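The values are calculated or read from the model by the stated rules, or taken from the named source; none is laboratory data. Quantities reported herein were computed from a predicted structural model and do not represent experimental measurements. Cβ sites come from the backbone with ideal geometry, for glycine too, and all protein chains shown count toward neighbours.
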Amino acid sequence: MKTTKLVIIRHGESQWNLENKFTGWTDIDLSKKGLIEAKKAGILLKKLGFSFDLAYTSILKRSINTLHIILNELNQLYIPIKKSWRLNERHYGALQGLNKKEVSKKYGNCQVEKWRRGFFDIPPKINKNDNRFPGNNLPYINIKKKLLPVSESLEYTVKRVYKYWNKEIFPKLKINKHIIISAHGNSIRAIIKLVENIKEKDLFHINIPTGSPMIYEFNKSFEPIKRYFL
């Protein structure tokens, strides 16, 4: 049976992953371990014979740099790379930059787990004068401020990813383009919900490790038949 494969990877470990901080839309680069994870992912994909026509990533450098490292290993830096803020990590509002253990001490483990894993829970919001508001940063200068978050639930993240998936990524997949997506834990969880129509409560237990290629296989009707990590 003929299948179409889609490769999705969460960026390698970032410096704030290492420091156990809420990162969200903060533009933090890869740690040394993250650089190694990205390189290993590229080597593995090359060994297994993967090649791509098109790549997608967020506009955060930990995701972009992961993708560049992988494509360099594949000798495929020439393929088109499309960047979109809609593939960014979930915005963690006022939690961004804070240590997760300290936040747990303040709010309790149960509340923090809801913010991190829940579908409807929204972390404390920032105001639009805060430098953590994307509208105050150059990469988002041409995006309508009303579209940019001051904090996000996973529900809101799914909604923005949905628009990009339906308008841009899925149509390319349906014309048999070989695609790789480099994104983030929650934007990837959003894609999983969209592809598999997973119930909100079941997303709570889905964890996406850094630097590990995840493969979707679709049948000829472009229905998902397998999801697995290499």
Sort out which residues of segment 101-151 are surrounded by 14 or more Cβ atoms within 10 Å (Cβ to Cβ), more than 22 Å from S84 (Cβ to Cβ) and small (G, A, S), and write them in order of number.
S104, G118
Tally the residues that are surrounded by fewer than 16 Cβ atoms within 10 Å (Cβ to Cβ) and closer than 22 Å to Y162 by Cα, restricting the search to segment 84-100.
0
For segment 87-110, give me each residue that is out of contact with any Phe, Trp or Tyr (no Cβ under 6 Å at 6 or more places or on another chain), in contact (Cβ under 8 Å) with a residue 24 or more places away in the chain and either of a type outside the set (S, T, N, Q) or assigned to a helix (DSSP H, G or I) (or both).
L87, E89, R90, G93, A94, G97, K100, K101, V103
If you take the residues of segment 204-230 that are assigned to a loop (DSSP other than H, G, I, E, B) and among the hydroxyl-bearing types (S, T, Y), which of them is surrounded by the most Cβ atoms within 10 Å (Cβ to Cβ)?
T210
Using the structure shown, decide if F222 is hydrophobic (A, V, I, L, M, F, W, C) and at positive phi.
yes
Quick check: anything in segment 19-27 in contact with a strand residue (DSSP E or B) (Cβ under 6 Å, 6 or more places away or on another chain), over 16 Å from L173 (Cα atoms) and of a type in the set (D, E, K, R)?
yes
Could you list, in sequence order, all residues of segment 151-193 that are touching a Lys or Arg at 6+ places or on another chain (Cβ under 6 Å) and of a type in the set (S, T, Y)?
S151, T157, Y164
Mind listing just one residue for me: the one in segment 32-66 that is in contact (Cβ under 8 Å) with a residue 24 or more places away in the chain and among the basic types (K, R) and, of those, nearest to S212 (Cα to Cα)?
K40
Considering (1) under 14 Å from the mean Cα position of the chain (by Cα); (2) within 30 Å of V103 (Cα to Cα), say which one V7 fails and leave the rest.
(2)
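Matching residues to (1) among the hydrophobic types (A, V, I, L, M, F, W, C); (2) within 19 Å of V112 (Cβ to Cβ):
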{"position": "V158", "(1), (2)": "yes, no"}
{"position": "W165", "(1), (2)": "yes, no"}
{"position": "I169", "(1), (2)": "yes, no"}
{"position": "N176", "(1), (2)": "no, no"}
{"position": "K193", "(1), (2)": "no, no"}
{"position": "N197", "(1), (2)": "no, no"}
{"position": "I208", "(1), (2)": "yes, yes"}
{"position": "M214", "(1), (2)": "yes, no"}
Considering only segment 190-203, I want to know if a residue exists there that is of a type outside the set (A, V, I, L, M, F, W, C), under 14 Å from the mean Cα position of the chain (by Cα) and buried (at least 19 other Cβ atoms within 10 Å of the Cβ).
yes
Within segment 101-125, track down each residue that is farther than 19 Å from K163 by Cβ and either among the aromatic types (F, W, Y) or under 16 Å from the mean Cα position of the chain (by Cα) (or both).
Y107, W115, R116, R117, F120
Consider I43 carefully, then state whether it is touching a strand residue (DSSP E or B) at 6+ places or on another chain (Cβ under 6 Å), modelled with pLDDT of 95 or more and either assigned to a loop (DSSP other than H, G, I, E, B) or of a type in the set (V, I, T) (or both).
no
Just to be sure I understand, how many residues within segment 144-189 are free of Cβ contacts under 8 Å to residues at least 12 places away in the same chain and either part of a loop (DSSP other than H, G, I, E, B) or at positive phi (or both)?
2
